[in-house]
Amino acid sequence: MAVTRKNSAQLAANKSANAPDSKAQGAKPQPSGKGSRERSLDSDQSGEPKSKKAKTGKQVAAPPRDYCTNYKTRIVSLHAELAAHVDAGHGRLRHMVVWEQYTDIVDVARAIASVTEAISLQPDPRREAPVFSVSSSGVIDAGLRTTPHVIRLVARPGEIAIFPVFIGPNHVALGILEHKAGLGYSAVYYDSWPYTRRRLRSMISGPPFDAFHETVRDMMRVGWTPRKQVARYRTSQASVVCDQVGEWVCGLHAVLSGWCLALGLTFSPTATLDEQFYEDAITIINSAVYGLVEAQLISDFLKCTGYVTPDGSPASRKFNNTVELENTTALNDLVAQIVDDDLLKAVMAESEQGD
């Protein structure tokens, strides 16, 4: 059943199920790989939950964060900020995601990158937060892979790559590719559409040239792996993913799931999504590519609507603004700049060693 304004009354009955009970839904926290050193977005700088001191000097726990109140208050001001930003573009800017329209796969990629880049660029002396790889449109869009004169680049090779996958027709899923010392390469497939999850389950370990495998291997050939060679990698399908409601929202789910992975949040197996969820998701995604969204809003929105469990997100991944990537050119320029900067650093390091 597609989510349309005509059937919103039918879906509205599910609204009450969207705000999860603030006492977790029984899902275990997703391991972060950093142990107890990682703090929550909902914690203060000391790493402890926000609290106030009583007269005795002892810490008294503050009430749990009200995710829904915070996100619903913030979304109102975000509407105004987005409208003002688009108006200031004098027709040059557009809303990336539109109701009941499929989202272009490159637009999905730049929305994901607006968050992953914000995390990668955070000043983090201890480097508790991950650094993410990012690819140009010529790598993301399968239709451009054989097009002459298209520049195809992968920035920060070997780092965690979160990328959309065109399954077709009119369907976008998500993949994550990473390398762990001692464990080798792994690729995990995330799909919000139950039908394709069932259909592709056998393909994960079967035919080598399905869309997911081809995207992974193409990234390796372009330069994600050393010497641009296709390395052996383990493949799996995510066991818990939020199901989409309607055919056209697959791109939105790819973006939101990519953000969940980047922020270290845990998918909820019992999410119930309605029209209001998708309306607010569109506003947040459209605002993110213009640099208007903070990590806390994304976390509050996803927790309030039940897309993820109430578990905390590592504070090292907190940011105040997404990275502005207003169009495909901005994404490609970003990737090229990172590649050039890394090349210059490598040349300078080699020169210093020679001296």
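Count of the stretch 61-120 residues, restricted to those that are touching a strand residue (DSSP E or B) at 6+ places or on another chain (Cβ under 8 Å) and of a type in the set (D, E, K, R), is 1.
Any residue at all in the stretch 47-70 that is outside any strand (DSSP E or B), in contact with a Cys (Cβ under 7 Å, 6 or more places away or on another chain) and at pLDDT 75 or above? Within the stretch 47-70, one or more residues are outside any strand (DSSP E or B), in contact with a Cys (Cβ under 7 Å, 6 or more places away or on another chain) and at pLDDT 75 or above.
Looking only at the stretch 93-119, residues that are free of Cβ contacts under 8 Å to residues at least 60 places away in the same chain and out of contact with any helix residue (DSSP H, G or I) (no Cβ under 9 Å at 6 or more places or on another chain) come to 0 in all.
How many of the residues in the stretch 328-340 are closer than 15 Å to Gly138 by Cα and touching a Lys or Arg at 6+ places or on another chain (Cβ under 8 Å)? Qualifying residue count, the stretch 328-340: 3.
Closer than 21 Å to Asn332 by Cβ, assigned to a loop (DSSP other than H, G, I, E, B) and aliphatic (A, V, I, L, M), is that true of Ile162? So Ile162 fails the test. Scanning the stretch 109-143 for residues that are assigned to a helix (DSSP H, G or I), farther than 15 Å from Val335 by Cα and touching a Pro at 6+ places or on another chain (Cβ under 8 Å) turns up just one, Ile119.
Can you tell me which residue within the stretch 252-280, out of those that are over 12 Å from the mean Cα position of the chain (by Cα) and β-branched (Val, Ile, Thr), is modelled with the highest pLDDT? Checked the stretch 252-280; the qualifying residue modelled with the highest pLDDT is Thr266. Determine, yes or no, whether Val106 is of a type in the set (A, V, I, L, M, F, W, C), part of a loop (DSSP other than H, G, I, E, B) and within 19 Å of Gln337 (Cα to Cα). No; evaluated as a whole, the condition is false for this residue.
Taking Glu275 as the residue in question, decide whether it is out of contact with any Ser or Thr (no Cβ under 9 Å at 6 or more places or on another chain), surrounded by fewer than 24 Cβ atoms within 10 Å (Cβ to Cβ) and in contact (Cβ under 8 Å) with a residue 40 or more places away in the chain. Criteria not met by Glu275. Pairs meeting the criteria (first residue in the stretch 179-199 and within 26 Å of Glu159 (Cα to Cα), second residue loosely packed, with under 10 Cβ neighbours inside 10 Å, beta carbons under 9 Å, at least 6 apart or on different chains) are Gly184/Arg232; Tyr185/Arg232. If you filter the stretch 215-242 down to residues that are modelled with pLDDT of 90 or more, more than 20 Å from the chain's Cα centre (by Cα) and in a helix (DSSP H, G or I), you find that the one that is surrounded by the fewest Cβ atoms within 10 Å (Cβ to Cβ) is Arg221. Quick one: in the stretch 141-152, of everything that is within 12 Å of Asp218 (Cβ to Cβ), in contact (Cβ under 8 Å) with a residue 60 or more places away in the chain and of a type outside the set (Gly, Ala, Ser), which residue is surrounded by the most Cβ atoms within 10 Å (Cβ to Cβ)? The selected residue is Arg152.
Residues that are hydroxyl-bearing (Ser, Thr, Tyr) and touching a residue at least 60 places away in the same chain (Cβ under 8 Å) within the stretch 225-260 comprise Thr225, Ser257, listed in sequence order.
The values are calculated or read from the model by the stated rules, or taken from the named source; none is laboratory data. In this text the structure is predicted, and so the values were computed from the model without any measurement. Cβ coordinates were reconstructed from backbone atoms using ideal geometry, including for glycine residues, and neighbour counts include every protein chain displayed.
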